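Participant: Below: one structure in structure tokens.
The values are calculated or read from the model by the stated rules, or taken from the named source; none is laboratory data. Note that the structure is predicted; figures quoted are calculated from it, not measured. Every residue, glycine among them, receives a Cβ derived from its backbone with ideal geometry; neighbour counts consider all protein chains shown.
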Amino acid sequence: MSHVKYKYLYEVETPADLKRLSIDELKLYCAELRQYIIECCSRNPGHLASSLGVVELTVALHYVYDTPEDKLVWDVGHQAYAHKIITARREAFMKNRCMGGISGFPRMAESEYDAFGAGHSSVSISAAFGMAKAAELQGIRRNVVAIIGDGAMTGGLAFEGLNNAGASPNTNILVILNDNHMAIDKATGALERYLVRVSTSSAYNRFKNRLWRILGKLPPVLRMMQKAGNAVKQGLLQNSNLFESLNFRYFGHVDGHDIAELVRTLRNLKRIKGPKLLHIQTVKGKGYTPAESDQPTWHAPGKFNPDTGERLRSQGGADRYQDVFGQTLLELARADRRIVGITPAMPSGCSMNILMREIPERCFDVGIAEGHAVTFSAGLAAAGMRPFCNIYSSFMQRAYDNVIHDVALQRLPVVMCIDRGGLVGEDGATHHGAFDLAYFGCIPNLTVAAPRNEWELRQMMYTAARTDSPTVIRYPRGTGEGAEWRDTPFEELTVGRGEVLREGDEVAIVAVGTTCGKALRAAEASRHSVAVYSLRYVKPLDEELITSIGRRFKRIITVEDGVIRGGAGEAVVTLLAREGLHPEIQMLGIDDRFVEHGTPAQLYALCGYDEQGITAAIDRFFE
């Protein structure tokens, strides 16, 4: 990348270099930093719009605070691209999210400037409060800042952190609420409406501007003016301030793209001790017209032409699993008025927006609140509805107790569609759906299904809608095998029944979900006679089929796109041992480690269950 067009970008290697710039130079630096992010992400895709929206905030934070001694805790880690570039990772950012390169999210092991890992939302306040309390207990003078945005304040954990931190008046923590009215899609809920009222009160805003001019000139009356300001704000809004009610001193709102105002405000706030909240307003995708105009699409747009904004889509290919889900859900909902859709802030990400457009009264975006999404679904089911609750696999981990206690224990007919199961690629360890087969497989009353192609996903959804007990349907990110599914008639499957995909005599492969395609291709390429079986249902297992395989074959391979420990392979081995059958077995999947980022193909190969890995496992039997 050429250095010629950048005057300031290459002068800043660390935050210490940033502090040498004037406010006017900071404005120019921000423009160059934003352009650099756009250029890098156009070639090497990532989370673009979120990071564009916090360029000025990130620069101001590193300008005012003494990082890494002062701690910045990022919420929703895809806000942190500018942070990474400022903190000695400018060149490394060109390989952001690539195998062997830096992570797309803050990671403590990657840099001393990454105070806390951030892959999931709503964690920053709790983590920052822990750090601030530790500094207080150790007698260390340190500023700790939590930056929460992109809808993350709707998560229950954020309120738990506010509640606890607000009860500790001597702990020095600043929470910055980056209010851009967005998650991936438009933010929803009562909190969003409250923040809009706060931000659009013209009387309040006039008062705020006068207040900050006074605060900047008269530091001794900071506390007095802040208290007076909050009293007037409450009167103007005819409502108590939510954050003041939790014992946070509230300041805001501030223009999050005015670098001079941000620097001035942050400098003033450094002199105020205890829990504070600064409410700033930003525009997601700021400074890049295509991203500002279509914020959900440009959250993570893939490759694009930075000059024209044209997105560079791959040609042809099969349909995405999420679109099979979305279209099938709409068809099912049209036929059954009991069917409703629930998603925690992922309507476009999981394609529930298809139902949302057609039947909005039966589709609910509950915000970034996975536990609530599951228990809300349970309540709907208890009252006679048939909810389809769609949550990404790694995010469903946050709702585990809700699944056990509120759904499974009560045997309620909630259909939990788990998107992004298995290795998801460049988002890395925080986003891989590696554990779902293991953590669902041990819960009583659950049916756990894993379709091998688009047609099976459609039929499993239809079957689940006609079942009076809870069902989990788990499928991967991306496109399918190209199986015909559109307008195909619905067919009720036999729950707990597997399928023979290929006959053979020497080796049997028992595959789960979309690993069936890899297993078939490996079997066809092998010089040995290999049979391939699809489990279809991980729970309940097809005990008759597995037992017959164990009696017929001396060599068996299990393949799954998930952790081996506690997974489907171990369930097969346990069943065979119980039946007194002891064939030679190799279990392929993810071993006992966190898998880093890379393309899915690279990661399948790394974990040994791509086609070549399965072929090698076949050959090992005959060495």
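Participant: Sort out for me the helices (runs of 4 or more DSSP H) sitting completely within segment 42-130 that have 1 or more residues that are of a type in the set (S, T, N, Q) and under 19 Å from the mean Cα position of the chain (by Cα). Let's see the steps before the verdict.
Facilitator: Numbers: elements: 48-52, 55-64, 81-84.
Fully inside segment 42-130 and qualifying: 48-52.
Participant: When PRO169 is evaluated against the numbered criteria (1) under 26 Å from ALA82 (Cα atoms); (2) in a loop (DSSP other than H, G, I, E, B); (3) in contact with a Gly (Cβ under 6 Å, 6 or more places away or on another chain), which criterion, by number, is the only one it fails?
Facilitator: (1)
Participant: Identify, from the list THR87, THR67, the residue that is modelled with pLDDT of 95 or more, buried (at least 21 other Cβ atoms within 10 Å of the Cβ) and touching a Ser or Thr at 6+ places or on another chain (Cβ under 7 Å). Don't jump to the end; show me each part of the working.
Facilitator: Details: THR67 fails: touching a Ser or Thr at 6+ places or on another chain (Cβ under 7 Å).
Of the residues listed, the single one that is modelled with pLDDT of 95 or more, buried (at least 21 other Cβ atoms within 10 Å of the Cβ) and touching a Ser or Thr at 6+ places or on another chain (Cβ under 7 Å) is THR87.
Participant: Check whether at least one residue in segment 561-581 is in contact with a Ser or Thr (Cβ under 6 Å, 6 or more places away or on another chain), in the same structural domain as ASP505 (by TED's automatic domain parsing), among the small types (Gly, Ala, Ser) and at pLDDT 95 or above, and report yes or no. Talk me through it step by step, then tell me what you get.
Facilitator: Start the filter on segment 561-581 by keeping residues that are in contact with a Ser or Thr (Cβ under 6 Å, 6 or more places away or on another chain), which leaves 561, 569, 572, 579.
Within this subset, residues satisfying the condition of being in the same structural domain as ASP505 (by TED's automatic domain parsing) are 561, 569, 572, 579.
Pick out the ones that are also among the small types (Gly, Ala, Ser) and you get 569.
Still in the running and at pLDDT 95 or above: 569.
Yes, some residue in segment 561-581 is in contact with a Ser or Thr (Cβ under 6 Å, 6 or more places away or on another chain), in the same structural domain as ASP505 (by TED's automatic domain parsing), among the small types (Gly, Ala, Ser) and at pLDDT 95 or above.
Participant: Now, a different point. Just to be sure I understand, how many residues within segment 482-503 are surrounded by 15 or more Cβ atoms within 10 Å (Cβ to Cβ) and either assigned to a loop (DSSP other than H, G, I, E, B) or of a type outside the set (A, V, I, L, M) (or both)? Outline the logic, then answer.
Facilitator: Here is the first cut: in segment 482-503, the ones surrounded by 15 or more Cβ atoms within 10 Å (Cβ to Cβ) are 483, 485, 490, 493, 495-496, 498-499, 501-502.
Those still in the list that are either assigned to a loop (DSSP other than H, G, I, E, B) or of a type outside the set (A, V, I, L, M) (or both) too: 483, 485, 490, 493, 495-496, 498-499, 502.
Of the residues in segment 482-503, 9 are surrounded by 15 or more Cβ atoms within 10 Å (Cβ to Cβ) and either assigned to a loop (DSSP other than H, G, I, E, B) or of a type outside the set (A, V, I, L, M) (or both).
Participant: Shifting gears a bit: Tell me the residue from ASP406, ASP436, ASP419 that is surrounded by fewer than 24 Cβ atoms within 10 Å (Cβ to Cβ), charged (D, E, K, R), modelled with pLDDT of 95 or more and not assigned by TED's automatic domain parsing to the domain that holds HIS120, please. I'd like the intermediate steps shown before the answer.
Facilitator: On the way: ASP436 fails: surrounded by fewer than 24 Cβ atoms within 10 Å (Cβ to Cβ); ASP419 fails: surrounded by fewer than 24 Cβ atoms within 10 Å (Cβ to Cβ).
None of the others qualify; the one that does is ASP406.
Participant: Please enumerate the residues belonging to segment 531-559 that are assigned to a helix (DSSP H, G or I), more than 22 Å from LEU493 (Cα to Cα) and either of a type outside the set (Gly, Ala, Ser) or not assigned by TED's automatic domain parsing to the domain that holds GLU584 (or both). Give the derivation first.
Facilitator: Of the residues in segment 531-559, the ones assigned to a helix (DSSP H, G or I) are 543-552.
Those left that are additionally more than 22 Å from LEU493 (Cα to Cα): 550-552.
Once the filter is applied, which keeps residues that are assigned to a helix (DSSP H, G or I), more than 22 Å from LEU493 (Cα to Cα) and either of a type outside the set (Gly, Ala, Ser) or not assigned by TED's automatic domain parsing to the domain that holds GLU584 (or both), segment 531-559 yields ARG551, ARG552.
Participant: State which residue is nearest to the chain's Cα centre (by Cα) when the search covers only segment 351-396 and only residues that are closer than 24 Å to ALA429 by Cα and assigned to a loop (DSSP other than H, G, I, E, B).
Facilitator: Checked segment 351-396; the qualifying residue nearest to the chain's Cα centre (by Cα) is ILE368.
Quick grid of which residues meet (1) without any contact (Cβ under 8 Å) to a residue 24 or more places away in the chain; (2) of a type outside the set (A, V, I, L, M); (3) in contact with a helix residue (DSSP H, G or I) (Cβ under 6 Å, 6 or more places away or on another chain):
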position: PRO106; (1), (2), (3): no, yes, yes
position: GLU112; (1), (2), (3): no, yes, no
position: MET131; (1), (2), (3): no, no, no
position: ILE147; (1), (2), (3): no, no, no
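Participant: Another one. Has segment 400-407 got at least one residue that is closer than 18 Å to ASP436 by Cα, out of contact with any helix residue (DSSP H, G or I) (no Cβ under 7 Å at 6 or more places or on another chain) and not acidic (Asp, Glu)?
Facilitator: Within segment 400-407, one or more residues are closer than 18 Å to ASP436 by Cα, out of contact with any helix residue (DSSP H, G or I) (no Cβ under 7 Å at 6 or more places or on another chain) and not acidic (Asp, Glu).
Participant: Confirm whether ALA519 is closer than 20 Å to TYR439 by Cα and outside the structural domain of TRP455 (by TED's automatic domain parsing). Working first, answer last.
Facilitator: Details: closer than 20 Å to TYR439 by Cα: no; outside the structural domain of TRP455 (by TED's automatic domain parsing): yes.
When the stated conditions are applied, ALA519 does not pass them.
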